[in-house]
Each structure stands twice: as structure tokens, then as C-alpha cells.
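Q: Got a structure for you, written out below as C-alpha cells; questions coming shortly.
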Amino acid sequence: MSTVLLLGATSDMAVAIARKMAEKGNNIQLAARNANRLQALQSDISVRYNVNCTIHEFDATNFALHEPFYQSLSPKPCITICVFGYMSDNIAAIKNWNEAQKMINSNYTGAVSILNIIAEDYAVKKNGTIVGISSVAGERGRQSNYIYGSAKAGFTAYLSGLRNKLFHDNVHVVTVLPGFVNTKMTAELNLPPLLTANTEQVADAVEKAIRKKQNVVYVKWFWKWIMKIIKTIPENMFKKKKL
Ligand SMILES: NC(=O)c1ccc[n+]([C@@H]2O[C@H](COP(=O)([O-])OP(=O)(O)OC[C@H]3O[C@@H](n4cnc5c(N)ncnc54)[C@H](OP(=O)(O)O)[C@@H]3O)[C@@H](O)[C@H]2O)c1
């Protein structure tokens, strides 16, 4: 039985992943801001799956507290899943640095800060799995969301480098690129149903990626091919498109 830490556990995806990992017999540590919001989920997971489920206060942008947060966890998790993130309007973020900074810190800097600490511990133990939920938005910058996209691009590159480093320490790193998913984050958007996954599909993909030691995972297979095509469009053409 492993212990799984979910960072950003109030996220719709994280809730589905926590349930899936508990169903597979893992103990669960739920970490989020205002963690007492997770009490109902904690009780439900403990009773329904007969595993140990705990809740922990964690703010991705409170960097100074990341080390004490990790040191406070007992036992230390064998699997860490980094789910937190924040997306807002690109134009608002261009005009308001606080908003841009919030997107950069919530999707990139905060993840680097906490995962550096956890990765060091796993490297010493020569054991562990780290999963990062990044985004296809990081695969190529588009005018409609390049602040969020660039933060996710940084996170994807970070996970790639971390995977390369930690491979030599017997630690596995998974990058998840979900495509569109129906959650609170996208509730205001008109997502094309055929291209959109649900949170249970994300949870299945994450659990499988951990079990099979997959490296980079697209939740719906066709997103891999959509992004391959988007990446092959020459820059001279791409810059003229309204994407
Ligand atoms: N939905 C999609 O289509 C989609 C596609 C690709 C990637 N993603 C990524 O998937 C991940 C999960 O998102 P979601 O779709 O499940 O949306 P969500 O339900 O809105 O979850 C986002 C979570 O991030 C948490 N968070 C934000 N800032 C935080 C901070 N400073 N400290 C701790 N937690 C923080 C939020 O916690 P609070 O409850 O405290 O606000 C919220 O629970 C995100 O990284 C997102 O960027 C989503």
C-alpha cells in the first residue's frame, strides 16, 4: 500500500484522481488552501475505500512554507501528484501584472518550488513517482492564452528535465497533458464535446501512467496528433492565425 499526495486537492481533477488511487488501495494525503473544505471528501474516501485519508494546508504560492509543509507529512508520500493551477483571461493578465504573476506562480513557480523539495527526497531514497498536470496550451503559444500557456510550457520543460535527472535515481516522472476537461476551470468556456474529457478519464489516465511508468500522457489519444499538426505549422503562417 502506497501513500499518494495530491497537491491542489480541491481541484475537480484531483478529487477524481484521489478517488481512483484510493480505490486501488492507496492511502491519500489531500493538500490544498483552506483544507477544511476537504473534510467531507476525506470522510467519504476513508469510509468508501477503507484507506487512511488525511488533509493538509498547502498554498502553492506561499513558497516559504513549502519545506515545512513537506517535513510535516508523516508518512512521506511515495507518489506525488501536482494538480493545482490557475487560468484567467489573457487580456486581463496582460493589463494587470498581479493577474499575470498569479498565473505564472500558480502554474509554474509554485510547482517548481514544492517539487524541487520532494524530488530531492525521492532522489535520496531512490524511490518515488511524481506526476505533473500540465497542458497542451504549453505546446505552442497562442494569442488567446499565452500567459497561461507559457507558464504551462515552463512546467512541461521542468518535468522533462526532472524525469531525465531522476531516471538515474530510480524515480519516475509523468507529464499529463489533459486537453480540454470539463471542470470548474473551464465551466465558462464552450468546449467541443468530442474533444473534451471528463475527470474520471483523467483519473484513469493518471493511474495507468503511474502503473505502466509512462512518460508523457495525453488523456484523449487524438490530442497528441492535434498538437503534432499544430506544431508543424510554419511560424510565418501561424503568426497570421487568430488562435
Ligand atoms: N480543465 C481543463 O480543461 C484543463 C486542461 C489542461 C490542464 N488543466 C490543468 O489541470 C489542473 C487541474 O485543473 P482543473 O481543471 O481540475 O480545475 P479546477 O477544478 O479549477 O482546479 C484548480 C485547482 O488549483 C487550485 N489552486 C490554484 N491556486 C492554488 C494555490 N496557490 N495553492 C493551492 N492550490 C491552488 C485551486 O484551489 P482553490 O480551490 O483553493 O482555488 C483548484 O482546486 C490545473 O493545473 C489546470 O491548469 C486543466
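Laboratory data are not the source of any read-out in this text; all were calculated from the coordinates shown. The shown structure was predicted, so the numbers you read here are calculated from the model rather than taken from an experiment. All Cβ positions, glycine included, derive from the backbone under ideal geometry; neighbour counts span all protein chains shown.
Q: Counting only residues that are under 13 Å from residue 180 (Cα atoms), free of Cβ contacts under 8 Å to residues at least 12 places away in the same chain and of a type outside the set (Phe, Trp, Tyr), how many does the range 191-223 have?
A: Summing the residues that are under 13 Å from residue 180 (Cα atoms), free of Cβ contacts under 8 Å to residues at least 12 places away in the same chain and of a type outside the set (Phe, Trp, Tyr) in the range 191-223 gives 3.
Q: Separate question: Residue pairs, Cβ under 9 Å, 6 or more apart or interchain, first in the range 231-243 and within 16 Å of residue 149 (Cα to Cα), second assigned to a loop (DSSP other than H, G, I, E, B) and of a type in the set (Asp, Glu). List them.
A: Matching pairs, first to second residue: 231/139.
Q: What number of residues within the range 111-151 satisfy the criterion of being of a type outside the set (A, V, I, L, M, F, W, C), within 14 Å of the ligand (Cβ to nearest atom), in contact with a strand residue (DSSP E or B) (Cβ under 9 Å, 6 or more places away or on another chain) and part of a helix (DSSP H, G or I)?
A: 1
Q: Just give me the residues in the range 177-214 being assigned to a loop (DSSP other than H, G, I, E, B) and loosely packed, with under 14 Cβ neighbours inside 10 Å, in sequence order.
A: Taking the range 177-214 first, the residues assigned to a loop (DSSP other than H, G, I, E, B) are 178-179, 182-183, 187-192, 198, 212-214.
Passing the criteria: 187, 188, 189, 190, 192, 212, 213.
Q: What number of residues within the range 157-187 satisfy the criterion of being over 15 Å from residue 214 (Cα atoms), within 11 Å of the ligand (Cβ to nearest atom) and not small (Gly, Ala, Ser)?
A: Adding up the residues that qualify gives 7.
Q: Shifting gears a bit: Please pick out the residue among 62, 50, 90 that is over 21 Å from the mean Cα position of the chain (by Cα) and either surrounded by fewer than 19 Cβ atoms within 10 Å (Cβ to Cβ) or more than 20 Å from residue 203 (Cα to Cα) (or both). Step through it out loud before you land on a result.
A: Details: 62 fails: over 21 Å from the mean Cα position of the chain (by Cα); 90 fails: over 21 Å from the mean Cα position of the chain (by Cα).
Of 62, 50, 90, the one residue that is over 21 Å from the mean Cα position of the chain (by Cα) and either surrounded by fewer than 19 Cβ atoms within 10 Å (Cβ to Cβ) or more than 20 Å from residue 203 (Cα to Cα) (or both) is 50.
Q: Spot the failing condition for residue 1; the list is (1) crowded, with 17+ Cβ neighbours inside 10 Å; (2) touching a Gly at 6+ places or on another chain (Cβ under 6 Å), and only one is missed.
A: (1)
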